[in-house]
Amino acid sequence: MELLFETAKLKFTRIINQLAENSVEKCYLCGKCTAGCPMAYEMDIQIHQIMRFLKLGEEKVLLKSRAIWQCVGCQTCSSRCPKEVDPASFVDALRVYATLTKQKASERAVEQFNYIFLEIIRHLGRIYEVGLVGLLNIFYMQPFRDIALAPKMVIGGKLNFIPHKIKGSKEIKRIFLACEELAQKDLKAKKELIEKEFQTTF
Amino acid sequence: MKFAYYPGCSLKGTALEYEKSLIKVCKDIDIELLEIEDWNCCGATPAHQVNKYLAIALPARNIIKAEKMGLSLVTPCAACFSRIRFASHYLKDNRWREILLSVLGEEYAGNLESKHLLQIFIEEQIQQKIKEKILKPLSGLKVACYYGCLLLRPPEVASFDDPEHPTAMETLVHLLGGEVVEWNFYNECCGASFALSNPQAMENLVYKILLDATFSGANCFMVACPLCHSNLDTRQVQVNKHFKKHFSLPVFYFTQLVGLALGYPPKELGLYSHLTNPMGVLER
């Protein structure tokens, strides 16, 4: 892996900083985040390494890593960080950036889960658990996954087969559209501003 | 005490016994819950992984509805609690309130108080009421209090309890006459958001939790989150199969344990809906 320092890479650091509403510069790489991370055993790069790569502006390494999609969002790193850097918010910012710039996630299953989950909410306003599991099994091409649990859950009355559509579902659709537009606009504006800043500095 | 009640999607499906038990128990100890009309999903984990605006706007719709009711918001789900707290945390900022106005077309004053149901149960006034009404103390139960992640973290957002040394559940178990077990994994993550998208990872995390609780001498769990429950209870069978173990630790919602102590029969608290049979432990 080539780790050449380029001014252009700083633009990436800057944009993720702004998306996370925090500054990665505060991080002194103590590793306390990784020490408490429940997913550390499975990640290809550790959370403190994510912070280091962010400082270096290594866009490709970060967006191709499996780690950013393996973060479970438990906030352990953020609550233990001695510098209040909030590493979890940076992982979220990386995922948001990857989504907005339409990059393929290295963990397809997580990406598909997010997509289906949000589409159900977009149309119904609430989650429809049976539909979610059913659709996921089709997407994952494992139609009978978890089917062994179903009989007991049906007996316990835990499975609600009828989806509930809320009255304000049109409002929810509007919220989705507005938020998607806002996010795109916001990223574009941030990029332009950073570009301008760089031209005046260098 | 009156609250704007936000159940969250799970309580209408896989966690229906949680709602069943909390409605019974709350009525008994004078907590009045008025369900927010036509509430929507808070967006859970997928929303904040994909779009920050969405992660704030979705819970904000419910927050505004609760504010209009003039009541504090209370939710029994730790994940919803976290998303609602995050949204109201951001909405203290004028900039985010303006963004919200443009998305929802509705104003939010920014003063809504939001709590997890467990916080209400450890208020002194409620503790007193529970104490007066206990009919069957929970003797024989060795409880591993499991907080999970989102109830406690990050502390500046959740402001629930000490994130590394919480005592809310322990207080409640002591009050109900149960025995609290000292163990290590009380605030470790169960991998709830990966239950469907990365089940191997989730099973590893759940396995560690089950192993430590068993080794510490617990004979049941107490939880305050439908996602913790579905992972520890529903997935216990799969974990047993995968790791060739014989865990049999029933998982109770705190409202169910309060209900048992108040003398409700197990059926009325939805205890037969659990996949890990709790009756063996209760008969001891």
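The values are calculated or read from the model by the stated rules, or taken from the named source; none is laboratory data. Predicted, not measured: the structure shown is a model, and the values here were computed from it. Every residue, glycine as well, gets a Cβ built from its backbone with ideal geometry; the counts of neighbours run over all protein chains shown. The area values use the complete protein model at the heavy-atom level, side chains included, leaving out ligands, DNA and RNA. Shrake-Rupley method; radii C 1.70, N 1.55, O 1.52, S 1.80 Å.
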Please give the number of the condition residue B:218 fails out of (1) buried (at least 23 other Cβ atoms within 10 Å of the Cβ); (2) of a type in the set (A, V, I, L, M, F, W, C); (3) in contact with a helix residue (DSSP H, G or I) (Cβ under 8 Å, 6 or more places away or on another chain).
(3)
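Give the residue that is farthest from the chain's Cα centre (by Cα), with candidates limited to residues of segment A:145-160 that are open to solvent by 80 Å² or more (accessible area, probe 1.4 Å) and more than 7 Å from every other protein chain (Cβ to nearest Cβ). Show your work before the answer.
Let us first name the residues in segment A:145-160 that are open to solvent by 80 Å² or more (accessible area, probe 1.4 Å), namely A:147-148, A:152, A:155.
Still in the list and also more than 7 Å from every other protein chain (Cβ to nearest Cβ): A:147-148, A:155.
On the way: A:147: 28, A:148: 31, A:155: 36 Å.
The extreme case among them is A:155.
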Can you work out which of the residues in segment A:172-202 that are in contact (Cβ under 8 Å) with a residue 12 or more places away in the chain and at the interface with chain B (Cβ under 8 Å from one of its Cβ atoms) is surrounded by the fewest Cβ atoms within 10 Å (Cβ to Cβ)?
A:183
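Residue-by-condition table, conditions (1) open to solvent by 50 Å² or more (accessible area, probe 1.4 Å); (2) outside the structural domain of residue B:76 (by TED's automatic domain parsing); (3) touching a strand residue (DSSP E or B) at 6+ places or on another chain (Cβ under 7 Å):
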| position | (1), (2), (3) |
| --- | --- |
| B:231 | no, yes, no |
| B:235 | no, yes, no |
| B:245 | yes, yes, no |
| B:250 | no, yes, yes |
| B:254 | no, yes, yes |
| B:269 | no, yes, no |
| B:277 | yes, yes, no |
Contact list please: Cβ distance under 9 Å, first residue in segment B:21-37 and under 20 Å from residue B:62 (Cα atoms) and not assigned by TED's automatic domain parsing to the domain that holds residue B:68, second residue among the basic types (Lys, Arg) and open to solvent by 10 Å² or more (accessible area, probe 1.4 Å), pairs at least six apart or on different chains.
none
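Of A:155, A:147, A:138, A:162, which residue is of a type in the set (A, V, I, L, M, F, W, C), free of Cβ contacts under 8 Å to residues at least 12 places away in the same chain and closer than 15 Å to residue B:195 by Cα?
Testing whether each residue is of a type in the set (A, V, I, L, M, F, W, C), free of Cβ contacts under 8 Å to residues at least 12 places away in the same chain and closer than 15 Å to residue B:195 by Cα leaves just A:147.
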Specify the residue that is nearest to the other protein chains (Cβ to nearest Cβ); the eligible residues are those in segment A:95-108 that are within 23 Å of residue A:141 (Cα to Cα) and open to solvent by less than 30 Å² (accessible area, probe 1.4 Å).
A:107
If you check every pair at least six apart or on different chains, which have Cβ atoms under 7 Å apart with a residue in segment B:130-153 that is under 20 Å from residue B:216 (Cβ atoms) first and a residue that is open to solvent by 50 Å² or more (accessible area, probe 1.4 Å) and in a loop (DSSP other than H, G, I, E, B) second?
B:140/B:284; B:145/B:186; B:146/B:186; B:147/B:186
Matching residues in segment B:123-159 - criterion: being closer than 16 Å to residue A:80 by Cα and either among the charged types (D, E, K, R) or part of a loop (DSSP other than H, G, I, E, B) (or both):
B:148, B:149, B:150, B:151, B:152, B:153, B:154, B:156, B:159
